[in-house]
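Undergrad: Below is one structure. I have some questions about it.
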Amino acid sequence: MNEPHKQQVTQVPLLDVNRGNQLDSEAIEDAIKGVTDSGRFLFGPDCQKLEESIAELCYVERAVGCASGSDALLLALMALGIGPGDEVAIPSFTFFATGSAVTRLGARPVFVDIDCQTFNMDPACLREVITPATKAVIPVHLFGQCAEMNEICAIAAEHDLHVIEDAAQAIGARYQGRPAGSWGDVGCFSFYPTKNLGGFGDGGMLVTRYPSLADELRLLACHGMRPRYYHSVVGINSRLDSMQAAVLNVKLERLAEATIKRQANAQRYRELFESEGLAETLLLPQVADQMDHVWNQYTIRVPNGCRDALRSYLAEQQVGAEIYYPVPLHQQECFERFGYLPGDLPNTELAASQVLSLPIFPELEAAEQEFVVAAVGRFFAMEQAAAA
Ligand SMILES: *Cc1c(COP(=O)(O)O)cnc(C)c1O
């Protein structure tokens, strides 16, 4: 028998959602048809099914769908009564939504520096920023690895702080065997298409151990209306629609398998970078003790100020790579009024200048990873030749 013809790799995308979606295209089409035939575009049975499945995945009592991960964060803070005069401790090295949820409610974000190895909130730095006005902390499980929740929850308990987990990038991740989203008062998930469980548009989910909090979240996500046209509180309109839920129910069945593939890809990158002799030139991502990392991103650090040059070279070589995130929240123009100065969060600022995320999606092929690593290798060979 002939070897199947292997196509020469000439480019590698950062992400190709179509490859994953094609695996289930028939089931997804059937699910969508089911919703269109039912005419129940909101609050359909698919929504309830997804909520039950996500609650089970997270080992919690309740899950409440909403329109996005950003709304999940906002709703969680609303339900916990955060408002003007309150401080909320958050990392600065995160996606913008972690911060805007806080400022939208008139509360003040207090930025906590990270551990450079994991990119997550450093519990020792959290301790330093707590004041009598601090009401909550939002640890972010960045790139698919949990923050050190044991210590963060202990500090929060000591100071009577609410804990809201931004688990948008970390569905299925665990720390000490315990799932992301199950540690705090509320866990927030996103189904944005680039997330590990990505829909065909926007979507989000809140999870909690507390049935009464779940009830409050559901009320707030539906204009605070109960019964119909009677409003006891001012909520927002944030719903997960049936179409997204139907698609996500199909995709959820493959999540565990897709996560294992991401983990295998991360392991293969490590081996390839090591065999190219690049494991010291670059700082490869680290998995902390007792963490099950789900690799939403594979993020390397490029020291010596050559990150941007490497990124340009990779773009020339048709390798997708992205900087998550180039400007930390404490240095965003819209947050200038909080008075942070360069140098206030040294690890965060260093990470922002060094990080580069490489393709890691589940269907990425070994030959594509070899192509990525070879391109990185050529870049550093050229750098060394130029320096000599
Ligand atoms: C994606 C993301 C969000 C927001 O989710 P959306 O569904 O896009 O609103 C919040 N926090 C983090 C860390 C994210 O990665």
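Undergrad: Name the shape class, rounded, prolate or oblate, that the alpha-carbon gyration tensor gives for the stretch 59-180, where a ≥ b ≥ c are the square roots of its eigenvalues, rounded holds for a/c under 1.5, and otherwise prolate holds if a/b is larger than b/c and oblate otherwise.
TA: rounded
Undergrad: If you add up the charges near Ala63, with Lys and Arg at +1 and Asp and Glu at -1, over every other residue whose beta carbon is less than 12 angstrom from its beta carbon, what do you get?
TA: With Lys, Arg at +1 and Asp, Glu at -1, the net is 0.
Undergrad: A further question follows. So for the chain: antiparallel DSSP bridges make up what percent, rounded to the nearest 5?
TA: Approximately 60 percent, going by the DSSP bridge assignments.
Undergrad: For the stretch 123-131, just list the computed ³J(HN,Hα) in residue order, Karplus coefficients 6.51, -1.76 and 1.60, θ = phi - 60°, integers in Hz, with x standing in for Gly and Pro.
TA: In residue order, the calculated couplings are x, 5, 6, 4, 3, 5, 8, 6, 10 Hz.
Undergrad: Rg (Å, one decimal) plus Dmax (Å, integer) for the alpha carbons of the chain?
TA: When restricted to the Cα atoms of the chain, Rg and Dmax are 21.6, 75 Å.
Undergrad: Counting only protein heavy atoms and using a 1.4 Å probe, what share of the accessible area of the stretch 98-241 belongs to carbon plus sulfur, as a whole percent?
TA: Reported share for carbon and sulfur atoms: 50 percent.
Undergrad: With the cut-off at 17 Å, report for the stretch 147-301 the share of all Cα pairs above it, as a whole percent.
TA: Looking at the stretch 147-301, the distances longer than 17 Å represent 71 percent of pairs.
Undergrad: Let me ask you something else. If packing is taken as the mean number of other Cβ atoms within 10 Å per residue, what is the order of 159-171, 319-331, 23-35, highest first?
TA: 159-171, 319-331, 23-35
Undergrad: Additional query: So how strong a dipole does the chain carry about its Cα centre when Lys and Arg Cβ are +1 and Asp and Glu Cβ are -1, to the nearest 20 debye?
TA: My answer is approximately 720 debye.
Undergrad: If you don't mind, there's one more thing I want to ask. Provide the net charge surrounding Gln176, with neighbours chosen by a C-beta distance below 14 Å and charges set as Lys +1, Arg +1, Asp -1, Glu -1.
TA: Residues close to Gln176 contribute a combined charge of -2.
Undergrad: Oh, and also: Have a look at the stretch 1-133 and give its Rg and Dmax from the Cα atoms, expressed in angstrom.
TA: Using the Cα atoms of the stretch 1-133, the pair Rg, Dmax is 21.8, 73 Å.
Undergrad: Can you tell me what the convex hull of the Cα atoms of the stretch 297-358 projects to on average, as an area in nm²?
TA: 4.7 nm²
Undergrad: Follow-up question, since we're still on this one. Taking the Cα centre of each part, how many Å lie between the stretch 1-63 and the stretch 242-274?
TA: Their Cα centres are 11 Å away from one another.
Undergrad: Quick one: net charge of Ala27's neighbours, Cβ under 15 Å, K/R +1, D/E -1?
TA: With Lys, Arg at +1 and Asp, Glu at -1, the net is -3.
Undergrad: Tell me which of Leu197, Val102, Phe361 sits at the most positive position along the dipole axis of the chain, charges placed on C-beta atoms (Lys, Arg +1; Asp, Glu -1).
TA: Value computed over the given set: Val102.
Undergrad: Which three semi-axes in whole Å describe the equivalent ellipsoid of the stretch 255-387, each the square root of 5 times a Cα gyration tensor eigenvalue, listed largest first?
TA: 27, 21, 13
Undergrad: If packing is taken as the average number of other Cβ atoms within 10 Å across a peptide's residues, how do 240-248, 295-303, 198-206 rank, most packed first?
TA: Highest to lowest by the protection proxy: 240-248, 198-206, 295-303.
Undergrad: Could you work out [θ]222 nm for the chain from helices alone, using -39500 (n - 2.57) per DSSP H run of at least four and dividing by all its residues? Round to the nearest 500 deg cm²/dmol.
TA: -12000 deg cm²/dmol
Undergrad: So, by mean Cβ neighbours within 10 angstrom, what's the order for 281-289, 214-222 with the highest one leading?
TA: By packing density, highest mean first, the sequence is 214-222, 281-289.
Undergrad: Separate question: For each pair in Lys195/Lys261; Lys33/Lys261; Lys135/Lys195, compute the distance between the two Cα atoms and list the pairs where it is over 20 Å.
TA: Pairs exceeding 20 Å: Lys33/Lys261; Lys135/Lys195.
Undergrad: Accessible area per residue, 1.4 Å probe, Å², for the chain: what's the number?
TA: That works out to 45 Å² per residue.
Undergrad: Tell me whether the stretch 55-112 comes out rounded, prolate or oblate; compute the Cα gyration tensor, take square roots of the eigenvalues as a ≥ b ≥ c, and use a/c under 1.5 as the rounded threshold.
TA: prolate
Undergrad: Okay, next question. Between Ala315, Thr10, His330, whose Cα lies farthest towards the positive end of the dipole of the chain when Lys and Arg beta carbons carry +1 and Asp and Glu beta carbons carry -1, centred on the Cα centre?
TA: Checking the options against the dipole of the chain, the answer is His330.
Undergrad: Oh, and also: What chymotrypsin sites (Phe, Trp or Tyr not before Pro) does the stretch 80-123 have in DSSP loop regions with at most 16 other beta carbons within 10 Å?
TA: Phe96
The values are calculated or read from the model by the stated rules, or taken from the named source; none is laboratory data. Predicted model, so just to flag it, every value in this text is computed and none were measured. All Cβ positions, glycine included, derive from the backbone under ideal geometry; neighbour counts span all protein chains shown. The protein model used for the area step is the full one, side chains on, heavy atoms only, and it has no ligands, DNA or RNA in it. Shrake-Rupley method; radii C 1.70, N 1.55, O 1.52, S 1.80 Å.
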